[in-house]
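The values are calculated or read from the model by the stated rules, or taken from the named source; none is laboratory data. All of these numbers come straight from a predicted model, not from anything done at the bench. Because the Cβ atoms are built from the backbone with ideal geometry, glycine has one as well, and the counts that use them run over all protein chains shown. Please note that ligands, DNA and RNA were not included when accessible areas were found on the heavy atoms of the full protein model with its side chains. Shrake-Rupley method; radii C 1.70, N 1.55, O 1.52, S 1.80 Å.
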Amino acid sequence: MILVSSCLAGLEVRYNGTHSLDHKIRRLLEENKAITVCPELLGGFSTPRQPAEIIGGNGEDVLDGKAKVVEITGRDVTELYIKGAYLTLKKAIEIGASIVVLKEYSPSCGSSMVYNGEFKGKKIAGNGVTTALLKRNGLQVISEEQFSDNIL
Ligand code: SF4
């Protein structure tokens, strides 16, 4: 079974109430090969919500207590992001996920690049908080950009 970001499957769970539909990912769901997860909803957020970025590093640094996740209003939401990451890990283990496909650039789900905390659209190399935790626990996490059918 594959665990995928809910927004990639077309669910309108992004901070602004939209989705990030990727037809390859949607097809996995229709073929009963995938289950969806949204770490931010698991963490306790609802949709819509304020945009948030990692300040002072990447997801690894957040897990290590060296960086924070902050909303554009300045509210520190680090704990909610960490909670969502652990609940996503629990779900991945429960379903025996062979691979996890998460939305690139998100402060939760990014797996190559994340926004740099300036809320100006600038990106830095690194994982989101959930991706960092899943990788630390031995799970293979890729983005929708890296996913192709021949991975299965
Ligand atoms: S990128 Fe991740 S946390 Fe953000 S809406 Fe999609 S599934 Fe939820």
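Summary table below
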{"read-out": "Number of the condition not met by Ile35 [criteria: (1) within 15 Å of the chain's Cα centre (by Cα); (2) open to solvent by less than 20 Å² (accessible area, probe 1.4 Å); (3) farther than 27 Å from Asn116 by Cα]", "value": "(2)"}
{"read-out": "Within the range 126-135, tally of residues that are within 16 Å of Lys66 (Cα to Cα) and away from the ligand (no atom under 11 Å from the Cβ)", "value": "4"}
{"read-out": "Top-ranked residue of the range 92-105 - restricted to ones that are within 12 Å of the ligand (Cβ to nearest atom) and within 16 Å of Thr36 (Cα to Cα), ranked as most open to solvent (accessible area, probe 1.4 Å)", "value": "Lys103"}
{"read-out": "Set Glu60, Glu53, Glu30: member being among the acidic types (Asp, Glu) and without any contact (Cβ under 8 Å) to a residue 40 or more places away in the chain", "value": "Glu30"}
{"read-out": "Of all residues in the range 39-90 being over 18 Å from Leu11 (Cα atoms) and among the acidic types (Asp, Glu), the one that is surrounded by the fewest Cβ atoms within 10 Å (Cβ to Cβ)", "value": "Asp64"}
{"read-out": "Test set (1) in a helix (DSSP H, G or I); (2) farther than 21 Å from Ile142 by Cβ - Pro48 fails condition number", "value": "(1)"}
{"read-out": "Sole exception among (1) within 14 Å of the ligand (Cβ to nearest atom); (2) surrounded by 15 or more Cβ atoms within 10 Å (Cβ to Cβ) for Asn16, by number", "value": "(2)"}
{"read-out": "Subset of the range 119-134 [surrounded by 17 or more Cβ atoms within 10 Å (Cβ to Cβ) and not aliphatic (A, V, I, L, M)]", "value": "Gly126, Asn127, Gly128, Thr130, Thr131"}
{"read-out": "Set Ile35, Ile54: member being out of contact with any Gly (no Cβ under 9 Å at 6 or more places or on another chain) and either within 12 Å of the ligand (Cβ to nearest atom) or at pLDDT 95 or above (or both)", "value": "Ile35"}
{"read-out": "Only listed residue being of a type outside the set (A, V, I, L, M), surrounded by fewer than 21 Cβ atoms within 10 Å (Cβ to Cβ), modelled with pLDDT of 95 or more and in contact with a Leu (Cβ under 8 Å, 6 or more places away or on another chain), chosen from Asn137, Asn116", "value": "Asn137"}
